[in-house]
Amino acid sequence: MTPAQSPAPDAAGTAGTAGTAHAVAPGVYAWIQHDGSWWINNAGFVVTDDHAVLIDTCATENRTRDLLDAVGRAAPGTPIRYLVNTHLHGDHTHGNSLLPRTTVVIAHEATREGILTDTVIDGCPPIWQPVPDWGAVTRRAPDLTIRTALTLHSDSHPIELLHPGHPAHTGGDLIAWLPEQRVLFAGDLLFHGVTPLVFMGSLDGALRSLDWIASFAPGHVVPGHGPVIDAHALPAVLDQHRAYYRLVHTTAQAGLRDGLTPLQAARTCRLGSFADLPDAERIVLNLHRAYADTTGHPFDLPQAFTDAITYNSGPLHTQV
C-alpha cells in the first residue's frame, strides 16, 4: 500500500496539507494524518460509480477542507452522497458541517445523541495545549441513524456499516466494511502506534471488539489513528491492544484492592513499551473507565481529565 499511487496518483496530500490520501484498493482511500495523537484522526473515502462516500471528517475546518480537497482530486466533480461517522468524538465529526446539505450524514443513534450534546465544539476548554481552534465549523448531527447494521449499495463498492453489539470505544461505534475489496475502516476501535482510549466506552467491550475485527479477515484496516494496517501486521496490532487493555484491567483491580484512586493507580503502573506511545497519559482516563465499570459508580469526566492533567504535569499536548 502506497500513498495514492494507483489508480489516482493525484489523490495524495500536497505540500502544507494536514494528511495524505492512500489508495488501499481501487476507489478506496485512507486519509492519514500524522502522528495520530490528540485530535489528529484518520478518515477515508470511497469512490463508486456515480458518487463518493466519506468516512469521518476531521477536528478543524482547515483539516477537513484538506480532506475534501483530496476527494476532489481523486474524483473530480463527483458528489459526496453519504458521510459516515464512526463515532461521536469531535476529531471525527466537527467537520460535518462543511459538507453540502445534499450529503446524507449517517451514524449510530448514540453518536447522534453525543453530537447534539457536545459542548467542546462551542469552545474547547484548556485541557490541551495549545487550545485547539476548530475554525468555522458548527454542530451537524446525523440525518440517518442505525442501531445494528446498514448497507450502502453500489455496483462496485457495497459498504456494510456495522455496530459491534456492545459499547467499546464509545457506545455508538460503527465500522465500515467493504467485503469485495476486503477493506475495513475501524474508527477508534483501533489505534496504531498511539495509546488506545476507552474512557467513554467499555474496557471489556473494547477488548471483545478485537476478535470481532479479526473475524472479517480484512486485507487492509484503516484505524482511527495511526498508519494503515495490512493483513500481515493486523495480528500484532490486535495483540498489542489486548496487552494494553489487560494492563489497564490489572492495574485497576490492584488499585481498587489497595484503596487507590485512579490517579494513584496510574502512578504505580509500569507502562513498559506503552510508555513511548503518544498520549501515554490516557492511562488515567482509561483507569477511570475501568473503575467505573467495576464499581458501578458513574464515570466522572471532569475528574478524569483533571487527573490526567495532573499526571501529565500540565495540559495534554496536541498539534491541533
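The values are calculated or read from the model by the stated rules, or taken from the named source; none is laboratory data. Please read these numbers as outputs of a predicted model, since none were measured by experiment. The protein model used for the area step is the full one, side chains on, heavy atoms only, and it has no ligands, DNA or RNA in it. Shrake-Rupley method; radii C 1.70, N 1.55, O 1.52, S 1.80 Å.
Things worth noting here:
- Comparing Cα centroids, region 98-119 and region 291-320 end up 26 angstrom apart.
- Look at the alpha carbon pairs under 8 Å that are at least 6 residues apart: their mean separation over the length of the chain gives a relative contact order of 15 percent.
- The slack in the chain from Gln264 to Thr151, taken as 0.36 nm per residue of separation less the alpha-carbon distance, amounts to 36.1 nm.
- Accessible-area composition of the chain, carbon plus sulfur, in percent [1.4 Å probe]: 53
- Helix axis angle, 61-74 relative to the chain longest principal axis, alpha carbon, degrees: 40
- For the chain, the solvent-accessible area works out to 40 Å² per residue, with a probe of 1.4 Å and every protein chain left in place.
- C-alpha long axis of helix 282-295 to longest principal axis of the chain, angle in °: 70
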